[in-house]
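Enquirer: Take this structure first; my questions come after.
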Amino acid sequence: MFIPFVFALTTCIASPASTAASWAQEPEARTPVVFPSEDQIGLTLFRPQNIDARMLIKYAGELTDRQVAFTAPSVKTGMPEVRFRDRFLQIEQAVGVQGDSKGRAEAVALLAELDARIGAMRNEASPEPKTVTRTLRLRSLRMDVVSNLLGVMAPTLERQFVPETGTVILRGASAEVARAEALLLEVDQPTPQMTLHIKLIEAVDAGVNVSTLGAAVGGDLAASLAQLLPGKAFRDAGQFMLRASVSGVAPIEISSGIGDSAQQPQRRFKFRAASRGWDAERGVLSFGACEFVHERPTFKTAVTSVTQSGGRTEESTFSGYTSEGLTTELALRRDEQTVLGSVGDNALFIVLRFTVD
C-alpha cells in the first residue's frame, strides 16, 4: 500500500491536497512563516499620469514579485492552504494592486515612482545639445526588457544591442543618455541564485547491513524517521543539486537511476516542479505542483523447461515499471530541511533544502 504524506523537521508549508501534516519540528523556537489571510487581501487603485497602465504593470513586474501569497480554507478539507493571486491587475486605465495593507502601500509607492520618472524623462528638455555615446554591459537585465524600458523612457535615443555580451550602446543628447544610463544601472541588479539540494533516503530492514548498500543515515534525521518506521534502518540512496534563479519560472526536472548501478534495470526517481515566487523578506521559496515519482522495475516469470521428474526451470524477464508518486504544493524556508516521503514496503523519503547566494 502506498500512502503519500508530507512532514517537516523544522518548517514545511504544503497544500492539503497532499494530505500534508506538520511533524517532528526541532525543539528550538522559530519564527513561523505567516501569510495574510484571504480576508486581509484588499485592492487599491492607482491611476498613472504618464504611462499606459498595461506597460506600467509590465515594468513593475520586473522589479517586484508578480504574485501575493495568502491563506484560505481548502475546498476539500477546510484546512488552511497557501494560495496565490496576481499582485497587479489592469482595470481600464488604472492599475489594481492586490495584497495586505503594507504590501499594497509598498507596491503603490513603486508604481508612483516609476510613473513620475517616466514623466520627468519625457517632459524635461535636454539642456545640452551635445551628442554622446555610452556603452553599458549589463549584469542581469534581458535585452527585451531593456528595449521596452528605453522605448518608453527614452524613445529618441539611438540604441544598439549585443545580446551575446549583454551590452547596450546608447547614443543621443548627453543629458538623456545620462538619465537612461542611471536608470538602467539602478534596475540592473543581479538576480539571487538558489541551490536546491535533494537527498533520497531509503528505509531498509534493521537487520540489513546498510554499509553494503550505501552510506548510512544517522543523527536527528534518522531518529525522527525511526519514530515513523520503527525497526528500520536508513541509507542514503542518492543526492542531487540544482542551480537556478529564485525568480525563474522555467520548470525544474530531474530524472535519475537510484540504487546499485550494477543491478539493471535500476529503480528510477523523477522530480518536477516550477517556482511560484521568492519572498526575500521571509526567506520563503514557493513551488507550484511538485511531482515526485519513484519507479520500480517489475518482472514476469515464465517456465522455460520441465524435466521428466516434474522439475521446472523458470526465468524472470523485465516487463516494465510500476510507479509510486507524490504531488504537492510547497513553501520552503531557506536553509531548513523539509522531508517528504511515501510509506510502503519500500519507503523512499525525499529531503529538500535550498540556499540562496
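The values are calculated or read from the model by the stated rules, or taken from the named source; none is laboratory data. None of these values were measured; they are calculated from a predicted model. Note: ideal-geometry Cβ built from the backbone for every residue, glycine included; neighbour counts use all protein chains shown.
Enquirer: Which one is modelled with the lowest pLDDT among residues in the stretch 231-243 that are surrounded by fewer than 16 Cβ atoms within 10 Å (Cβ to Cβ) and among the aliphatic types (A, V, I, L, M)? Please lay out each step first, then the result.
Expert: Narrowing the stretch 231-243 to residues surrounded by fewer than 16 Cβ atoms within 10 Å (Cβ to Cβ): 231, 239-243.
After this cut, where a residue has to be among the aliphatic types (A, V, I, L, M) as well, the list is 241-242.
On the way: Met241: 82, Leu242: 79.
Applying the filter and picking the extreme gives Leu242.
Enquirer: Okay, moving on. Being farther than 27 Å from Gly288 by Cα, assigned to a strand (DSSP E or B) and modelled with pLDDT under 80 narrows it down to one of Val204, Val208, so name that one. Spell out how you get there, then give the answer.
Expert: Values: Val208 fails: assigned to a strand (DSSP E or B).
The conditions single out Val204.
Enquirer: Going by what's in this entry, would Pro190 be described as modelled with pLDDT under 80, closer than 24 Å to Thr355 by Cα and in contact with a Ser or Thr (Cβ under 6 Å, 6 or more places away or on another chain)?
Expert: yes
Enquirer: Given (1) at pLDDT below 80; (2) over 30 Å from Asp65 (Cβ atoms); (3) surrounded by fewer than 15 Cβ atoms within 10 Å (Cβ to Cβ), where does Ile258 come up short, assuming only one miss?
Expert: (3)
Enquirer: Still on this structure, please answer the following. Being modelled with pLDDT of 90 or more and hydrophobic (A, V, I, L, M, F, W, C) is the requirement here; does Leu150 meet it?
Expert: Taking the combined requirement at face value, the residue does not satisfy it.
Enquirer: Looking at the stretch 154-192, which of its residues are farther than 18 Å from Thr64 by Cβ and in a helix (DSSP H, G or I)?
Expert: Scanning the stretch 154-192 gives Ser174, Ala175, Glu176, Val177, Ala178, Arg179, Ala180, Glu181, Ala182, Leu185.
Enquirer: Run Thr307 past the list (1) surrounded by fewer than 19 Cβ atoms within 10 Å (Cβ to Cβ); (2) within 24 Å of Gln67 (Cβ to Cβ) and report the number of the one that doesn't hold.
Expert: Looking at each condition in turn, Thr307 falls short on (2).
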